[in-house]
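Each reported figure results from applying straightforward, stated rules to the coordinates on display, with no laboratory input. Keep in mind the model is a prediction, meaning the values are calculated, not measured. Cβ placement follows ideal geometry from the backbone for every residue including glycine, while neighbour counts extend to all protein chains displayed.
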Amino acid sequence: YLGCVLQARKEPKVQEFGRLWQQEGGKVNSLLGLHATPERAALINGFAAHYLDFDDVQANFRGHPSAVIYSALLAIAPPSSQVRQVLQAFIAGVELAGKLGLALNPDHTVQGWHSTATIGTIAATGALCNLDNASVDQT
């Protein structure tokens, strides 16, 4: 994930996208070094991570889970979060992505849906809920 972002941040279109979505006064830095709200930082990071498509692929998911899940986690995780907590939340998100992908694919992909955008959003939400120790009702 980080390798993808670090390589993509040099790309003119990624820099242009980041500048478009940055927000002065935002408390969260994107991985491109831009200030943004958490939502915008997740978007900027996700765009950069997915731009070159060098990242991971999960077979059942048929997409790139890290681009969505890590982007959301890094934008939301408080500085006091331990690496173990973030990794545990990431794993929970990838597991959710795989289970949803197994249930929905191949029809989902054959119909033209891109799992990174569709299932990935749900998986990222699951990862954020895991990081926040949300209850079933909160989730």
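Identify all aspartates and glutamates with a Cα-Cα distance to Lys13 below 19 Å; exclude those on the same chain that are fewer than 8 residues away in sequence.
Partners within reach: Asp53, Asp55.
Could you give the radius of gyration (one decimal) and Dmax (whole number) of the Cα atoms in segment 1-109, in Å?
Using the Cα atoms of segment 1-109, the pair Rg, Dmax is 14.4, 43 Å.
Given the DSSP H assignment, sum -39500 (n - 2.57) over each helix run of at least 4 residues in the chain and divide by its residue total; what's the result at 222 nm in deg cm²/dmol, nearest 500?
Values: 7 runs with 82 residues, N = 139.
Result for the chain: -18000 deg cm²/dmol, rounded to the nearest 500.
Rounding to the nearest 20 debye, state how big the charge dipole of the chain is about its Cα centre with +1 on each Lys and Arg Cβ and -1 on each Asp and Glu Cβ. Intermediate values should be presented prior to the final figure.
Numbers: 9 positive and 11 negative charges, 54 e Å.
Here the size comes out at about 260 debye.
What does the convex hull of the Cα atoms of segment 1-55 come to per residue, in Å³, rounded to a whole number?
Values: hull volume 3.2 nm³, N = 55.
Convex hull of Cα atoms, per residue: 58 Å³.
In terms of the ratio Rg/(2.2 N^0.38 Å) built on C-alpha atoms, what value belongs to segment 56-139?
Numbers: Rg = 12.7 Å, N = 84, 2.2 N^0.38 = 11.8 Å.
Cα-based Rg divided by the globular estimate yields 1.08.
Hey, which aspartates and glutamates would be in cross-link range of Lys27, C-alpha to C-alpha under 16 Å, not counting anything within fewer than 8 residues on its own chain?
In chain and number order, the partners are Glu39.
Amide H to amide H under 5 Å from Gly63: which residues, 5+ apart in sequence or cross-chain, H placed 1.01 Å off N in plane?
The list, which skips near neighbours in sequence, is Gln58.
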